[in-house]
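The values are calculated or read from the model by the stated rules, or taken from the named source; none is laboratory data. It should be emphasised that the depicted structure is a prediction, and the values quoted were computed from it without experimental measurement. Glycine also receives a Cβ, built like all others from the backbone with ideal geometry; neighbour counts cover every protein chain displayed. Side chains are part of the model used for accessible areas, which takes the heavy atoms of the whole protein and leaves out ligands, DNA and RNA. Shrake-Rupley method; radii C 1.70, N 1.55, O 1.52, S 1.80 Å.
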Amino acid sequence: MLSWLQPFPADPVLVAAAAAGFAAVGSFLGAAQARLGAAIDGESTYAGTSFWTGRSICPACRTALTVRDLVPVVSWLALGSRCRHCGAPVPVDYAAIEAGSVAAFFLAFWIG
């Protein structure tokens, strides 16, 4: 077998950093999906906010979310899929998109 096809040892820190990066990309995609979906549906939830630089908010109470509210998948699980401020349910879409992004990374990493 060709030597370049052999599995290579991976640095666990590098793999963890890449997985975290993919989780962040998934978080961005989840926010984009929510903002664009609201705009298409004519909702005013994110009206007047920039798609690229607007702060993430709770759609129910419109409170700006902090860093600890935005850790991909972990925050959603730790808060019981609810807003820390008002207790409104946070849709599973956010966590699913973030987890799917990380799963895509690990699948690509495993395939090689």
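Computed quantities for the displayed model
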quantity: Spatial extent of the chain: Rg and Dmax, with the Cα atoms as the point set, Å; calculated: 17.3, 59
quantity: Largest-first ordering by accessible area, 1.4 Å probe, given options 27, 75; calculated: 27, 75
quantity: For the chain, built as a Gaussian network whose Cα springs stay under 10 Å, the top-fluctuating residue of 81, 56, 44; calculated: 44
quantity: Cβ-Cβ FRET estimate between residue 88 and residue 52, R0 fixed at 22 Å, reported to 0.05; calculated: 0.30
quantity: Angle in degrees between helix 92-111 and the longest Cα principal axis of the chain, rounded to the nearest 10; calculated: 10 degrees
quantity: Stretch gain in nm, segment residue 111-residue 15, where the contour uses 0.36 nm per residue and the Cα spacing is subtracted; calculated: 33.2 nm
quantity: Value of [θ]222 nm, deg cm²/dmol, for the chain, DSSP H segments ≥ 4, -39500 (n - 2.57) each, nearest 500; calculated: -16500 deg cm²/dmol
quantity: Relative contact order (%) - criterion: Cα under 8 Å, at least six apart; region: the chain; calculated: 34 percent
quantity: Computed FRET value (nearest 0.05) for residue 44 with residue 78, which takes r as the C-beta separation and R₀ as 41 Å; calculated: 0.90
quantity: Electrostatic dipole magnitude of the chain [Cβ: Lys, Arg +1; Asp, Glu -1; Cα centre; debye, to 20]; calculated: 300 debye
quantity: Rounded percent of accessible protein surface that carbon and sulfur make up, the chain, 1.4 Å probe; calculated: 69 percent
